[in-house]
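A.B. asks: Quick one: the structure is below, and I'll ask about it shortly.
The values are calculated or read from the model by the stated rules, or taken from the named source; none is laboratory data. Not measured: the values here are computed from a predicted model. Cβ sites come from the backbone with ideal geometry, for glycine too, and all protein chains shown count toward neighbours. Ligands, DNA and RNA are excluded from the accessible area calculation, which covers all protein heavy atoms including side chains. Shrake-Rupley method; radii C 1.70, N 1.55, O 1.52, S 1.80 Å.
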Amino acid sequence: MDIHDDPSYTIGIGTEPENRRQVVVKLIWISIWFAYMAAPVEDVLGDHHTLAGDVLGGAGLAAFVAGYLGLVFRHTSRPLERARVLAALALLIALATALTLTLGGAWLVLFVYVCVSAGAVLPTKLSRIVIPLVTGVLAGLGAMTPGAPEYLAALLIPALLGGFAMNGVRQMALTARALREARATVAHLAANEERLRLARDLHDLLGHSLSLITLKSELAGRMLPGKPEQAAQQVADIERVSRQALVDVREAVSGFRRPTLEAELAGARTALAAAGVVADLARAATTHPDLAPDEEGALAWALREAVTNVVRHSGAHRCEIALTEEGDELCLTVSDDGRGSQGTHGNGLTGLSERLALADGRLETGPGPRCGFRLRAFVPLARSLAAERPTLSS
């Protein structure tokens, strides 16, 4: 696995930790900033104040560090919890101000951490206001605190740059989270699309094959025992269709199933004959010079679904299949003289509409010219540069 895809390797101060390893890594990042704490720590441990001053300074420093860590750990990569975050920042500013005024200029460094915290937890527009204000407070206190100028020159630039740098880290963390969520959504949608594709393929494949097997089984049953040879032929056809259905299902599962018009026209002729339906294929071509493979596959699926519906539902005596050129589109028309539409579209026609849409095609259904039902599937043609329009080859 690529380490860039594993958040445990890329976790930083701008990302919310999710396990113990990420907590440790984040602490290492944060510890880099604690180098600036050397001055107040030395001020507390050195012989600069009374015992009470050292105790109060140590307690104040501990409270400040706890508040800082709480902000950075909990709110860096989260949406702004305005009341809690602003209250915590106000507490940090108050502690930094009080410790600086009571213990001296060595404590001005705490304002650098206030700026870093503001950049880490506030949105960009608000941080652009807060960070310069906190830096201004740092400069003002430095100007009025004895012994502070030696610290002030080394703290103003880190306060500004540290705050704005952390705001950039926060934005990158939020962007990274949004990208991870978007990638998960895309993967989910891709899985759903693959499930829909598989459902469409299996419906079209098995519906057609099982209908043909049922018809041939009925024929074989009627031929027994008087016509055993003809019945045996029907059983052989059933075996052939079932084996082909198994191959088709395996191809559909593998994602390589793309039927052709030639194969589907042959299958339509067989299925209609087995159902006792007269098939008129005089205007049905098998190839076209401007028909791309994807578009041909969509028309082949349309032909399979239409013939399956004729065999299973129409009760028709005659079915006409035609493939004609209409403008820049190729139109497959399947019409019968059966009972006509029985209501809204089922799963087969709905899936067929989706399949045609993927090939920039469309589906039209309605009554046929002699009552019955008519299905028309359109797909665009890829035109050549030749001026002469190509013709269908039968």
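A.B. asks: Whose amide H sits under 5 Å from the amide H of Asp280, counting only residues 5 or more places off or on another chain, with H placed in the peptide plane?
C.D. replies: Cys319, Glu320, Ile321
A.B. asks: Sticking with this one: What list of ³J(HN,Hα) values in whole Hz, one per residue of segment 311-317 in order, does the Karplus curve 6.51 cos²θ - 1.76 cosθ + 1.60 (θ = phi - 60°) give from phi, with Gly and Pro shown as x?
C.D. replies: Values, residue by residue: 5, 8, 10, 7, x, 7, 9 Hz.
A.B. asks: Mind listing which chymotrypsin sites (Phe, Trp or Tyr not before Pro) in segment 275-378 are in a DSSP loop and have 11 or fewer other Cβ atoms within 10 Å? Show your work: numbers first, answer last.
C.D. replies: Values: sites: Trp301, Phe373, Phe378; in loops: none.
In loop regions of segment 275-378 (DSSP not H, G, I, E or B), there are no sparsely surrounded chymotrypsin sites (Phe, Trp or Tyr not before Pro).
A.B. asks: I would also like to ask the following. How much of the accessible area of segment 89-173, probe 1.4 Å, is carbon plus sulfur, in whole percent?
C.D. replies: Details: 2600 of 3340 Å².
For segment 89-173, the apolar C and S fraction of the accessible surface comes to 78 percent.
A.B. asks: So, for segment 94-138, what is the accessible surface per residue at a probe of 1.4 Å, expressed in square angstrom? Working shown, then result.
C.D. replies: Details: 1350 Å² over 45 residues.
So segment 94-138 comes to 30 Å² accessible per residue, rounded to a whole number.
A.B. asks: When ligands, DNA and RNA are left out and all protein chains stay put, how many square angstrom of accessible area per residue does segment 278-339 have with a 1.4 Å probe? List each step's numbers first, then the result.
C.D. replies: Working: 2300 Å² over 62 residues.
Result: 37 Å² of accessible area for each residue.
A.B. asks: Now a separate question. Provide the solvent-accessible area of Leu215, counting protein heavy atoms only and rolling a 1.4 Å probe, rounded to the nearest 10 Å².
C.D. replies: 30
A.B. asks: Right, here's the next one. What FRET efficiency comes out for the pair Thr102/Met172, r = Cβ-Cβ distance, R0 = 30 Å, nearest 0.05? Walk me through the numbers before you get to the answer.
C.D. replies: Details: r = 38 Å, r/R0 = 1.26.
Between Thr102 and Met172 the formula returns 0.20.
A.B. asks: Please identify the trypsin sites (Lys or Arg not before Pro) of segment 303-356 that satisfy two criteria: DSSP loop assignment and at most 13 other Cβ atoms within 10 Å. Which are they? Before the final figure, lay out the partial values.
C.D. replies: Working: sites: Arg304, Arg312, Arg318, Arg339, Arg355; in loops: Arg339.
Answer in residue order: Arg339.
A.B. asks: Quick one: which residues, 5+ away or cross-chain, put their amide H under 5 Å from the amide H of Leu330? H built at 1.01 Å from N.
C.D. replies: Val379, Leu381
A.B. asks: Once phi is turned into θ = phi - 60°, what whole-Hz ³J(HN,Hα) does the Karplus curve with 6.51, -1.76 and 1.60 give for every residue of segment 105-117, x standing for Gly and Pro?
C.D. replies: Running phi through 6.51 cos²θ - 1.76 cosθ + 1.60 with θ = phi - 60° gives x, 4, 8, 4, 4, 4, 5, 4, 5, 5, 5, 4, 4 Hz.
A.B. asks: Whose amide H sits under 5 Å from the amide H of Thr287, counting only residues 5 or more places off or on another chain, with H placed in the peptide plane?
C.D. replies: Hits under the 5 Å cutoff: Ser393.
A.B. asks: Suppose every K and R has +1 on its Cβ and every D and E has -1 on its Cβ; what is the size of the dipole of segment 304-375 about the Cα centre, in Debye to the nearest 20? Mind showing how you got there, number by number?
C.D. replies: On the way: 8 positive and 11 negative charges, 99 e Å.
That gives segment 304-375 a dipole magnitude of about 480 debye.
A.B. asks: Hey, if you put +1 on the Cβ of every Lys and Arg and -1 on every Asp and Glu Cβ in segment 215-332, which of Ala232, Val247, Val310 ends up farthest toward the positive end of that dipole?
C.D. replies: Ala232
A.B. asks: Another question about this same structure. Can you compute 3J(HN,Hα) from phi for each residue in segment 56-65, using the Karplus curve 6.51 cos²θ - 1.76 cosθ + 1.60 with θ = phi - 60°, rounded to whole Hz and x for Gly and Pro?
C.D. replies: Those phi angles translate into 5, x, x, 5, x, 5, 4, 5, 5, 4 Hz.
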